[in-house]
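The values are calculated or read from the model by the stated rules, or taken from the named source; none is laboratory data. It should be emphasised that the depicted structure is a prediction, and the values quoted were computed from it without experimental measurement. Positions of Cβ are backbone-derived with ideal geometry, glycine not excepted, and every protein chain shown enters the neighbour counts. Please note that ligands, DNA and RNA were not included when accessible areas were found on the heavy atoms of the full protein model with its side chains. Shrake-Rupley method; radii C 1.70, N 1.55, O 1.52, S 1.80 Å.
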Amino acid sequence: MFRNKLVPLAAALAWVAPVMGAEWLTDMEAARQKAAAEHKAVLASFTGSDWCGACKYLHRELLATPAFEAYAADKFVLLEIDCPHGNSMSEEQKKVNNALAAAYHVRAFPTVLVLNAQGEAAGGFLGSGYKLPEARAVLDAGLGLLAELQQAKALQGQARVDALVALLDKVPEDVRGCAVGIEDAIIAADPEDRHGIARRRAVARQRAEISTRRAGIRHTDPKDMLAMVQEYQATVMPENRPAVLELKFSALVLMADSKEELEQVKATLMADLEPLRGNSDAETLRRNIESSMKNPDFILAQVRQIRARRQEEARAAGK
């Protein structure tokens, strides 16, 4: 799936991180080649070594322990995909690792995935709260799903599609979005998207885009927020409309000067949310709006503080 597309470094350039005597590769292609040669799976740990406390905890309490190493020795080639914030890694390697995290739709750290030698994920877990017995159960289940994936890909026609869809449903929910290879196979075999996998991927892609773009907008700049809302007005998918409306709510609140205007903001957003009844994200936003509007004086005080801070920053910048 990912062969030679995202990892330009040759396998021979992979370096090995010494972790309690275990061999942890840091190059995806090298790990896949080794897994193929040794008839093993790849255990890929996506981590942030210099900023993610949960990653450090998982490494210390599980992945770097002799007991885990003994368990993994005959099952996995160990691979660390580190995405640090500091300068402990070359910019080239950072780009490679960040691209891998994006390719596998890794949204939070730590994420541990079970991959086959083709780089296809079919199991794993998210977070640091796993002791060895729980981790073994989850990872062994991932190995079983890899075997099922091989069997499913040997089928043809609708039987192949059905088997792949059933397999995807068995992947743990917290890492199901990382099973990109299984999704690719379903989409290729189901061009009419009868199972909705292609649409689900499109929704997730747009949601990530909205989140990334929103992070790039100054939280206190309502004009930029509304410009983004307007841009997505005609193109946002229904499943993602609550995310855009949340941005609209924030922008309008920041522009309000009175309780009456806040009431108008509430009325506007409630009208926008009405067609989305039944959407869980829309219902959450509705509840949040109703809760926050119970104290309009507090909201207006916050808005004034934000405006004062913006003015001070503008003066400091000489604008």
Using the crude model of +1 on Lys and Arg Cβ and -1 on Asp and Glu Cβ, and no other charge, please compute the dipole size for the chain relative to its Cα centre, in debye to 20.
540 debye
Accessible carbon and sulfur surface of the chain relative to its total accessible area, %, 1.4 Å:
53 percent
How big, in percent, is the set of alpha carbon pairs in region 165-319 lying more than 24 Å apart?
48 percent
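Counting DSSP beta bridges with both partners in the chain, what percentage is antiparallel, nearest 5? Can you show the working numbers first?
On the way: 13 of 22 bridges.
About 60 percent, rounded to the nearest 5.
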Net charge of neighbours whose Cβ lies under 15 Å from the Cβ of Ala64, counting Lys and Arg as +1 and Asp and Glu as -1
-2
Pick the calculated Rg/Rh (Cα atoms, Kirkwood Rh) for this structure from [x] 1.05; [y] 1.47; [z] 0.97?
[x]
Top positive-direction residue, dipole computed over the chain with Cβ charges, set Gly177, Leu247, Leu100:
Leu247
Rounded to whole angstrom, the alpha-carbon centroid of region 212-247 lies from that of region 128-144 at a distance of 39 Å
List the cysteines of the chain that have no other Cys Cβ closer than 4.7 Å: which are they?
Cys83, Cys178
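Could you calculate the contour length gain from Arg199 to Leu155, that is, 0.36 nm times the residue separation minus the distance between their Cα atoms, to one decimal place in nm? It would help to have the intermediate numbers written out before the result.
Working: separation 44, 0.36 × 44 = 15.84 nm, distance 2.38 nm.
Extra length from Arg199 to Leu155 when fully extended: 13.5 nm.
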So the FRET efficiency between Asp224 and Ile187, C-beta based with R0 = 41 Å and rounded to 0.05, is 0.70
Per residue, how much accessible surface does region 147-230 expose to a 1.4 Å probe? Answer in Å², no decimals.
56 Å²
Contour minus Cα-Cα distance for Ala54 and Arg277 (0.36 nm per residue)
76.6 nm
Theoretical gain in end-to-end length, Glu61 to Ala73 [0.36 nm per residue, Cα-Cα removed]:
2.6 nm
Using Cα springs under 10 Å in a Gaussian network model of the chain, which residue among Arg214, Arg307, Arg200 shows the largest mean-square fluctuation?
Arg307
Ranking request for peptides 189-199, 136-146: highest mean number of other beta-carbon atoms within 10 Å first, then the rest in descending order.
136-146, 189-199
Ranking request for peptides 69-81, 118-130: highest mean number of other beta-carbon atoms within 10 Å first, then the rest in descending order.
118-130, 69-81
